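Worksheet: one structure, shown below.
Please treat every number below as a calculation from the coordinates, not as lab data. All values reported here derive from a predicted model rather than from experimental measurement. Cβ atoms come from the backbone with ideal geometry, glycine included; neighbour counts cover every protein chain shown.
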Amino acid sequence: MAGTFPSPDVGDHLIDHISKMPDDVLVRILSRLSVKDAVVTDSLSKRWRHLWRNLIRLNFDGTETLNEMANDEMICDLESAKFTKQVNNVISSHNHPMIQLFRIHFNLDCRYSECINEWIKFAIDKKVERMELNLLDISNYARNPAKNYNFMLPSLNAVSLTLKMLVLCSVNLDEPTLNVILKNSPHLMTLTMLNSGLFPHIRVGGRDINLKKVRIVACFGIESISLYDFDLKSFLYHGEEIELHLTDLPKLKKVDIGQVSVGSENNVFRQISSCAPYLEVLILEVWFPQVSNYFLFCL
């Protein structure tokens, strides 16, 4: 019968090898988690206490809460207030001098502008490389752009930004702010705008622009987009028909355009003709009167 009982010293053989790793390795492990999950590790043991304060990837992902929230305005407001408080608590305790990723995913509108402005300032002060603000409405549909948060930069004092990627969803962006971002972000390679309010005539060009990928989807207020004279490699636009000018873009390999109508008024091929010799992939979402089809051209 004695053999059925565990040896008294069995626990002596259970060694926590993970906790013996150096701090920087453990922080990298925690950085792969959402901030909410990373903070919970604070209670594992003294070894893990406060490690999350040195996270280099701050992913405030509220997807789980958003999926559980009913379409009840009062509940939405309570959860949004709770979420902003959690973000404020984390960034006020953060110790590392820099971060690679700052990501917000929650239903936040212009009423939370003051908090969001502080978050952006925090991220920029930490020399963030990748910033994602996904403030999509709980219904996953675009809200009235008048209710969106308006992206605002703190005073830069001519200091270069370290941004390599900027993703804005349900966030408005005006022309002066975009110009400041482009002027002060020599390493910015990817710009994505989704369900956001923009300005009528978007013009981006010049050899000092380092953008390689531009994606604009279901945005409001655009009448024309002109991209010229830089090393753009991929361009995607899905939305209402607009005037499109793609010129002097010798490294452009992929163009994806949605909602192209069929008819004599269609001039999409003229608009992209100057970059046609360089293209490898052209994707057009062509709309017919009763049905839509996707055409993929591999050049």
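The table for this structure:
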{"quantity": "Segment 67-91 versus segment 140-216: alpha-carbon centroid distance in Å", "calculated": "26"}
{"quantity": "Violating pairs (Cα-Cα greater than 21 angstrom) within the set Lys183/Lys253; Lys121/Lys233; Lys213/Lys253", "calculated": "Lys183/Lys253; Lys121/Lys233"}
{"quantity": "Segment Arg215-Lys36, length gained on full extension (0.36 nm per residue, minus Cα span)", "calculated": "61.5 nm"}
{"quantity": "For peptides 122-128, 207-213, sequence by mean Cβ density within 10 Å, most packed first", "calculated": "122-128, 207-213"}
{"quantity": "Interchain or long-range residues, amide H under 5 Å from Gly197's placed H", "calculated": "Val171, Asn172, Leu173, Phe220"}
{"quantity": "Using a Förster distance of 22 Å, the FRET efficiency for Ile283-His245 (Cβ separation, nearest 0.05)", "calculated": "0.75"}
{"quantity": "FRET efficiency, 1/(1 + (r/R0)^6) with R0 35 Å, evaluated for Leu78 and Asp231 via beta carbons", "calculated": "0.15"}
{"quantity": "Computed FRET value (nearest 0.05) for Arg111 with His201, which takes r as the C-beta separation and R₀ as 41 Å", "calculated": "0.90"}
{"quantity": "Neighbour net charge for Asp231 - beta-carbon separation under 13 angstrom, K R +1, D E -1", "calculated": "+3"}
{"quantity": "Solution diffusion estimate, µm²/s, Stokes-Einstein, segment 115-237, Kirkwood Rh from C-alpha pairs, 10 °C, viscosity 1.306 mPa s", "calculated": "108"}
